[in-house]
Amino acid sequence: MSVTAAKGFVASGVHCGIRKKDKLDLALVRSLVPATGAGMFTVNRVQAAPVVVSKEHLELAQPQAVVANSGSANAATGPQGLADARATAAETARVLGLEPEQVLVLSTGVIGTPLPMEHVLPGVHAAAGALAADGAAAAEAILTTDTATKEAVAYGTGFAVGGMAKGSGMIHPNLATMLAVVTTDYPLEPGEAIAFLRPAVDASFNAISVDGECSTNDAVLLLANGASGVERTAASDEEFAAALRTVCAELARQIVADGEGATVLAEIAVRGAASDTDARAIAERVATSPLVKTALFGHDANWGRIASAAGSAKVNGGYAQLDPDRLTIVIDGVRVFVDGTPSGDEPALTNGHCEIELDLALGDGAATYLTTDLSYDYVRINAEYRS
């Protein structure tokens, strides 16, 4: 059920003709009772029309529905792209009995390709007619190069948090080529959602990388409608925040695990840094190093590449603190570099999962990051993307 696991939400996914071969390409999610919400978007200066329009709408009204298409990013499409995004929201609103500003718009696909509105607008009508309590079709309709849908649910005392996401390539903060819609029947007041969403995103979607590329379209949306009827307390707020973090973390993990051409999911953990900021910079630098990622693809425990990447992590115009004589590196539980000295031991790296730990022995700073290997198939998939 994922995005419709919470009470009062329905969703649908249809094929409207944006993509070929009858693939689902338009999704709709709606709250059946008044909702409030928030969004976080790409920091890329080249922002897609749906990002611009959704930001505008969030400043004017509370979101009640989300319409998303795959097959065209509607990015770098000029004034016509903005007009098309607004027309999509307006038609969705008309069909659902909402105001245009209450509809958020998401798109994913090839950059520079205009939306085929002759297919999108009829698709909105079809999607509205197909709204149901099962969100599986919606989760499928937002996919592009993904090999599987990405869904997650977490339950609290009397409430649920559910979500769907897409993402496989161009994955790197802040955010990535990823879309995520998270819904909950937990009660929030207007303006409150962002305070819960931001830390959940920072610890999940903003701590993953597949290829170091930051997209034009990425967005994470949260809609809360209070349909559970639970009574809010400080304890229930903490429980909701934890459930939201769980859903975001699980969706982020699924995105990385489905990275284009990926054969290895790697978890980078840094501790003992001088600060959390330093730890985050080092974890990200290791996670995005092409040499580390290609070593992972070759199942090569090349700890020298890890050490080199860690030592070149930049923070605030300088470099993160690191003393090579204190550094310890552990790969899959095997200490390969201890207090600045090679141990002579190496792990086998025979499966599709790898844990890399770095202890800097400089302080209490810590951070984690998820990444993948860089394979031959990644090059093939992206070389053939438009062909």
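The values are calculated or read from the model by the stated rules, or taken from the named source; none is laboratory data. Computed from a prediction, not measured in an experiment: that's the story for all the values here. Cβ sites come from the backbone with ideal geometry, for glycine too, and all protein chains shown count toward neighbours. To get the accessible areas, we keep the full protein, side chains included, count just its heavy atoms, and leave off ligands, DNA and RNA. Shrake-Rupley method; radii C 1.70, N 1.55, O 1.52, S 1.80 Å.
What the table below lists for this structure:
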item: Residue range of the chain that is longest and free of trypsin sites (Lys or Arg not before Pro) which are both DSSP loop and sparsely packed (at most 10 other C-beta within 10 Å); result: 46-385
item: For Val110, distant residues with modelled amide H under 5 Å away; result: Gly71, Ser72, Ala73
item: Value of [θ]222 nm, deg cm²/dmol, for the chain, DSSP H segments ≥ 4, -39500 (n - 2.57) each, nearest 500; result: -10000 deg cm²/dmol
item: Average projected area [Cα convex hull, region 203-307], square nanometres; result: 9.3 nm²
item: Per residue value of the accessible surface for region 277-387 (all protein chains in place, 1.4 Å probe), Å²; result: 52 Å²
item: Gained length - Ala195 relative to Glu99, 0.36 nm times residue gap less alpha-carbon distance; result: 32.0 nm
item: Spacing of the two label points (7 Å from each Cα toward its C-beta) at Arg326 and Ser308, in nm; result: 2.5 nm
item: Ser343-Met117 FRET efficiency (beta carbon distance; Förster radius 51 Å; 0.05 resolution); result: 0.25
item: Residue-normalised accessible area of region 216-276, expressed per residue, 1.4 Å probe, Å²; result: 34 Å²
item: Carbon/sulfur fraction of accessible area - the chain, other protein chains in place, 1.4 Å, %; result: 51 percent
item: Cross-link table Lys55/Lys150; Lys20/Lys314; Lys166/Lys293, entries beyond 32 Å C-alpha to C-alpha; result: Lys20/Lys314
item: Equivalent ellipsoid semi-axes, region 256-326, via Cα gyration tensor eigenvalues times 5, rooted, Å; result: 23, 13, 10
item: Å² of accessible area per residue within region 34-141, as computed with a 1.4 Å probe and no ligands counted; result: 38 Å²
item: Lys21 paired with Thr294, simple spin-label distance in nm, labels 7 Å along Cα-to-beta-carbon; result: 3.0 nm
item: Cα gyration tensor shape for region 1-136, rounded if a/c is under 1.5, else prolate or oblate; result: oblate
item: Sparse-neighbour loop sites [GluC sites (Glu not before Pro); region 294-387; at most 15 other C-beta within 10 Å; DSSP]; result: Glu384
